[in-house]
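Report on one structure; see the data block that follows.
The values are calculated or read from the model by the stated rules, or taken from the named source; none is laboratory data. Source: prediction; values computed, not measured. As a convention, Cβ positions derive from the backbone with ideal geometry for all residues, glycine included, and neighbour counts pool all protein chains shown.
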Amino acid sequence: MQIKSYEEFFAEGYHAIQARGPRLQAVFKEVFPISSYDEKMTLNFTHYEIGEPKLSPIQAIRDAESFSAPLYVTYELKDEAGAKQERVYMGEMPMMTTRGTFVITAPSASSSASCTAPRYLL
């Protein structure tokens, strides 16, 4: 159940039509476009891409790293001079394993409360 829900979160195109509930695409569409106060410039969301994970879940556990993939978003800036698109790295997106779990490493020295937390979660 949670694997299907996670897949629907990233659904695009035909699968997005059949997916129920909020999706990553819908979140961006809800926030954009953003216009300047004088409405001479507009920043619009075009699309997003999830790159390939650098590590497998097993490698991530072994190396004490998170199982994640890069999230890139393409924005379009429109002004009086024209339009320009740019692809922007937004950070790492946690990826779900085939078992429906996440592998996320905790920062080693973030706070005293996290010192008692496990180094990674499954």
Original post:
Would a scan of the range 65-77 turn up a residue that is surrounded by 10 or more Cβ atoms within 10 Å (Cβ to Cβ), part of a strand (DSSP E or B), at pLDDT 95 or above and not hydroxyl-bearing (Ser, Thr, Tyr)?
Top reply: yes
Original post:
Tell me, which residue of the range 1-49 that is within 15 Å of the chain's Cα centre (by Cα) and in a loop (DSSP other than H, G, I, E, B) is modelled with the highest pLDDT?
Top reply: Arg23
Subject >> Close pairs (7 angstrom Cβ cut-off, 6 or more residues apart or separate chains): outside the structural domain of Gln25 (by TED's automatic domain parsing) in the range 49-66, assigned to a strand (DSSP E or B) and among the acidic types (Asp, Glu) anywhere >> reply: Ser66/Glu92
